[in-house]
1. Helix D:293-306 versus the longest principal axis of chain D: what angle, 0 to 90°, nearest 10, using Cα atoms?
2. With the convex hull built on the Cα atoms of region B:68-201, state its orientation-averaged projected area in nm².
3. Report the residue of chain C with the smallest Cβ-to-axis distance, using the rotation axis that brings C onto A, in whole Å.
4. Suppose you put the label 7 Å out from Cα in the Cβ direction; list, shortest first and in nm with one decimal, how far A:P6 is from each other copy's label.
5. Quick check: Cα centre of region B:254-290 to Cα centre of region A:178-252, how many Å?
6. For the Cα atoms of chain A, what angle does the longest principal axis make with the long axis of helix A:8-21, in degrees from 0 to 90, nearest 10?
7. Hey, what's the per residue convex hull volume over the C-alpha atoms of chain D, in cubic angstrom?
8. Could the peptides C:68-79, A:263-274 be put in order, highest first, of the mean number of other beta-carbon atoms found within 10 Å of their residues?
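Here, each number is a calculation from the coordinates, and none is a lab measurement. Source: prediction; values computed, not measured. Cβ placement follows ideal geometry from the backbone for every residue including glycine, while neighbour counts extend to all protein chains displayed.
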4 protein chains.
Amino acid sequence: MSKADPDLAKIVSEIAQEMSAREDRGRVASYIPELANVDPARFGMALIDLDGHVHLGGDADVPFSIQSISKVFTLTLALGRIGDRLWQKVGREPSGNRFNSIIQLEHEMGVPRNPFINAGAIAVTDVILSGRAPRETLGEILRFMQFLADDETIFIDHEVAASEKRTGFRNAALANYMKSFGVIDNPVDNTLGVYFHHCAMAMSCRQLARAGLFLANNGRNPVSGHSVVSSERARRINALMMTCGHYDGSGEFAYRVGLPGKSGVGGGILAIAPGRASIAVWAPGLDETGNSHLGRIALEELTKRTGWSVFGH
Amino acid sequence: MSKADPDLAKIVSEIAQEMSAREDRGRVASYIPELANVDPARFGMALIDLDGHVHLGGDADVPFSIQSISKVFTLTLALGRIGDRLWQKVGREPSGNRFNSIIQLEHEMGVPRNPFINAGAIAVTDVILSGRAPRETLGEILRFMQFLADDETIFIDHEVAASEKRTGFRNAALANYMKSFGVIDNPVDNTLGVYFHHCAMAMSCRQLARAGLFLANNGRNPVSGHSVVSSERARRINALMMTCGHYDGSGEFAYRVGLPGKSGVGGGILAIAPGRASIAVWAPGLDETGNSHLGRIALEELTKRTGWSVFGH
Amino acid sequence: MSKADPDLAKIVSEIAQEMSAREDRGRVASYIPELANVDPARFGMALIDLDGHVHLGGDADVPFSIQSISKVFTLTLALGRIGDRLWQKVGREPSGNRFNSIIQLEHEMGVPRNPFINAGAIAVTDVILSGRAPRETLGEILRFMQFLADDETIFIDHEVAASEKRTGFRNAALANYMKSFGVIDNPVDNTLGVYFHHCAMAMSCRQLARAGLFLANNGRNPVSGHSVVSSERARRINALMMTCGHYDGSGEFAYRVGLPGKSGVGGGILAIAPGRASIAVWAPGLDETGNSHLGRIALEELTKRTGWSVFGH
Amino acid sequence: MSKADPDLAKIVSEIAQEMSAREDRGRVASYIPELANVDPARFGMALIDLDGHVHLGGDADVPFSIQSISKVFTLTLALGRIGDRLWQKVGREPSGNRFNSIIQLEHEMGVPRNPFINAGAIAVTDVILSGRAPRETLGEILRFMQFLADDETIFIDHEVAASEKRTGFRNAALANYMKSFGVIDNPVDNTLGVYFHHCAMAMSCRQLARAGLFLANNGRNPVSGHSVVSSERARRINALMMTCGHYDGSGEFAYRVGLPGKSGVGGGILAIAPGRASIAVWAPGLDETGNSHLGRIALEELTKRTGWSVFGH
C-alpha cells in the first residue's frame, strides 16, 4: 500500500529542514510562563519503525511539555485498570466543541464525550487514582512512561504543573461539574493534582515516539518485545486518536494527515502509522484549534512522501 | 498488515448467515411508509476486492433505499465541480450532534460542520445544482452512479422522494436556515427537491460496493480502469467518512470497525478498506444513533476476521 | 403612587423635543428596503389616558410598520379563539436568546418559549389561521385592529409583507422546524403569509396607543366602552409584555422603564401603564438587542417624570 | 387601582388555612439533609403594609432557610458598595435556563445573566467580599439583615452552610468557571464560603417581610424611617425580581402573581407590592422549576383578592 521503500532518513531530515525555515509558525500557548517562554523557532521530529530504526530531525532530543499527549497513556493505564467499564464514565465520540468546553457536559449529564478532551482526561485520571494517594498514582504514571520509552530520564516538570494549577480554573470547573454528577470519585483537588502533573511530563520527540511504538505494532513494543495491550485495544486507542485526538481539529487532521494522532498544547504531536512506525513531532506554535501548526504540516508532508496515510497512498 | 490470505468468500457467507440468525435487529425507520414497510429480517452483504472479485451474502442483490450513502457520491461530484472552494460552504469536522441538529448552524453562521450531516449534504447538493434545472442535475447524479457501478438499472424511487418531501420539514428548516446566511444559492425548494431524490436512489449491495470501489483504490476503479478522482481526493473522502460518516456514532464505528464508512437510514452502509476492497452491507434495523445495527456488527466481524482495520490487524 | 398630577401634555411635548434633538439614534433595520429607507430623524409619541385624553408629540400621526408589536394583538385573538389551550403550543418564559434563535426549539421539542419571539408569534398566528383561508384570517386581524383603534384607515403595507417574504428564510426555518414537531398545523406557507402580513400593518403612534388602551384598563376600552378581554387576561398579557416584550432586552426595559411594553423592528414600542394610560413611541433606530433606542429612552423619561413605573414612583 | 379596602387580616388568614389544607404540596428539596428533613406540611405567611401593620398566617414565626432570597439583599449591598459598576460583572436579563446552568456562561464569556441565578449571585458575593476576610463580610451581611428586619435574633445556620459546601460541586464549577474569565476576584473558596453562609440565614416570614419592606416603599423603611436605597434603585431591584426572581419560572410568576418576587429552595418567597406591602410566604415543597409550589399559589390568591397585581386589578 505504501510507496516502495521510502528513504525515511532523508524524508525526516528534509521535513525538519523545511519546517525550520518556514515563517508561519502559529502562536505559542501563553497562559502559563513555562509554555509562553518556549522558542517558537524550535522544531523536532523522531520516527521509529517496527525494526527499531530511529530517524531524527531538528530538536528531536530536546524535552518539551507533552501536555495532552499524556492522555493517550493515561487512557491505556485506565483501560488496563478497569477495562471497558471505563466507558460508563466517558464516551467515544468527537465532541464538536473546543477542548475545554463545558456545554456538552450539561446536556449529557456530566459524562464527557471522549477521553481526549480535558473533561474526559480528568475523568480517566480519576479512574487511575481511585482512592490511592496522588503521589503514588503519579509515580505509577511516570514509571509507565519510562517503561514504555525505556528511558528513566523522563521527568515531571513541577513548575509547569504548579503554574497549571494556579491558572487551571477552567479545568477545576470541569472537574467540579463532573463531580456534581457523580462522575468523579476522588476529591477534586486530588484528581486535578494528578492531572496537572501527568500533563507536565517533559519528553523529547525520540522518547515520545518510542513510548508510542506499541500502538503501531498491535500492542507490542517490537524493540523491547513487551506486550503492552492486546491488538484489539491498540486498534481501538488508535481509532480514538483518529476521531478525537485533535479536539475540534480532529477532522482536519484526519483529512490532511490520515494517521491517528494526539496533540498537546506544548506543540507536540504523537502520530501512529499502524504496521509501520511511531512518529513524534514538536513545533511550539499552535493553530486556532490549539494544535501544533507546523507539527501537523510536517506530518502531512510525511504521509505524502511515504504514502502511509491509512486512507490510501 | 492483514491476516494471511483471508478466505473472503467464506467470511462473507458466514457473516451473512450469522446476521440473518440474530434476533437483535434494531428498529426500522418509520417516518415514511416506504421505509417503515421494509422487512427487518433482510440482510445483504457484498464485497468487491481490487481484482474485481465479488463476494455476496444474503440479499446482496435486492435494491434498497441508499438514503444518506448518496452523500459520498454527491460530495465527489461537488468537489469535481468546484474543488476546494466547496470548503467555504461546509466544514470538515465531526458535529457532536444528531444528524439533523440545527443548533450548530446557529453558532457557526449557517455553515454546516461536514458534508455528511443533513445540513452539509443539502449545501453540497446546492453546489451541484448551481443554477441549473433540478431535473437535469438529478439526471447527472443518477448517471454518475450508474457509471460508477457500471449498471444502468440503478433508479430513483420517486415514491420515496415524494414521501420524504411531504414530511421533510426538518430538512426544510435546515435549508431555509442556511439560506438566511447565504450558504444556499438556489431556491430552497429546488435544492431540497434534488436532495430528496438523490437520497431516494435504490441500489443493491452489489451495486453499491462497486460504485464505491474507486475509493478503495486511490481514486481509480480497478475493474473499469476509470480514474474517478485523484488519489489525494480519495484519501480525503475516506478520511471524512471515518470521522463523520456515521453522524453521532462515527467515533463508535471507527472504534469497533476501523474502516471509513457511510451509513444511510435505509439500513445500508458502504465501507472502504483502502488497498483491499469496497464493502456494502444492508440491514434495515437502526440503532439509537440512526445507523444500521446489524450492518455495523457485520463490518466489525469482517475486520476482526480479515485484519483489515486501518488501525492495525 | 404617582407624582401628584403630572402635566402630561407638557411631559410628552418635552420628551418629543428632547428625543428629536439627540444625536445617538441607533441603527435603522436594513434587511428590507422599506424599513431601511425610513428617516432615522423621525420621532413620534402618543399617550392616551383612561379618560381618553390624547397627548401627542413629534410624528405621532405618521404611520410606520408596527412589525412585532402586532404580536400583542394576535396573542389576544388567539387566546380569544382557544383560551388557555394556547399554552400547549407556546410557553410563557423569557427566552434568554435573540428574537430569531432556533436553538431553544431544538432543546424544547419545537415549543417556542413565549408568544413574542418570532417562533412563538408564528405558532400563535397558526392558531388564528386554524384551517381557514389566509386572506380571511388576515382580514380578521386587520378588522380587529381597526376596531380596537376605532380607525378604519389602518392598513397592511403589502410591499413590506412581500419584502419580508422574499428575505424571510430564518422565519421559514423556524416555521418548518416547529412543523417537524407538530406545533404548526397549517401549511407553512399559509402561516408565514399571514404572519408577514400582520407584521406589515402600518399605524401611527396615536392609532397604536388607542389600540392598546384596553390593556391599561383591565381589558375594557374606556373610550368606546367595549370589553375586549377579562381583567385577568389583560393582566396576564401585560405580564408577558413585561417579561418577554423586548426579546433579549426585556430585563433591561423592565429595569429602566418599569412598564409592560412590546417593541417592533420598525422602531415602535407600545407601553402600558396599568390604571393610567397607553403609550406608543416611534423612533426608527434600533439598539443591539433590536429594540428602538430612543423609544426606550423616551419611555424611561416618561416614567421618571410621571412616577408611573409599576415598581414604585 | 386596588379593590377598595381589602380586609388584609382576613385574606392572609384564609389563604393560610386554604394552603395548609391542600394536598398538592410539591417536593421538598432533598440534596442536603437539613432541607430534606423539613416538614412539607408547613405553611407560613406574613404581610406588612406601609403603615407597619402586620398580618400573619400559619407558621409565620418559624425560621426557615431563606436560601436564594438572600440574593436580593446581597445585591442591595453590592450596589451600595460599587454602584452601577456591578453591571460589568453581571447582566440584567432573564437566563432562559435552569438556576444552575453553566451553558450561558460559556457563550457569554463568564458573565452571568443576572444577579439571581446562582452564578450571578456568586459574582455579587465576590464583589461584597472584595479582598476582606470572609468572616468579616459574612458579619456585615448578617448585620445588614438584622438591621433591615430590626431583629437581632436572625442567625446563620452553620450546619446548612456546611452541608451546602460538602455537596456544592456545581456551584464550585460555576465559580471556577467565572474565575477563569476573570469575573471572580477573590479565591474561589472564600467567595463560595460567604455565598453558602448567607444562603444559610434562617428567618421567619415575619422577619423576611419586614426586611423587604423598604422595596415596597421606594427604598425607605416606613416603620423605622431608615432610608436604605434611593427610590430609583428600589424600582430597579423590584424590576429584576420581576424578570429574574424565579429562575426559569419567572415568566410564570409574573403571569400568575403579577408582583416582583424572589424565591429560595427552602420554600420561601419574598414578594413586593409596590406602594402597598411586603409579603413573605413559606411552603417547603417545590415545583419543577425549583420554586415553592404553594408559595406561588398563595401569592396568586393574594393578588386576586386584593387586586394588587402591578399589571391591573
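1. It is inclined by approximately 50 degrees.
2. Over all viewing directions, region B:68-201 projects a mean Cα-hull area of 7.4 nm².
3. C:H107, 4
4. Spelled out, the distances from A:P6's label point are 2.4, 7.7, 8.1 nm.
5. The two parts, judged by their Cα centres, are 27 Å apart.
6. That works out to roughly 70 degrees.
7. 110
8. Descending mean neighbour count gives A:263-274, C:68-79.
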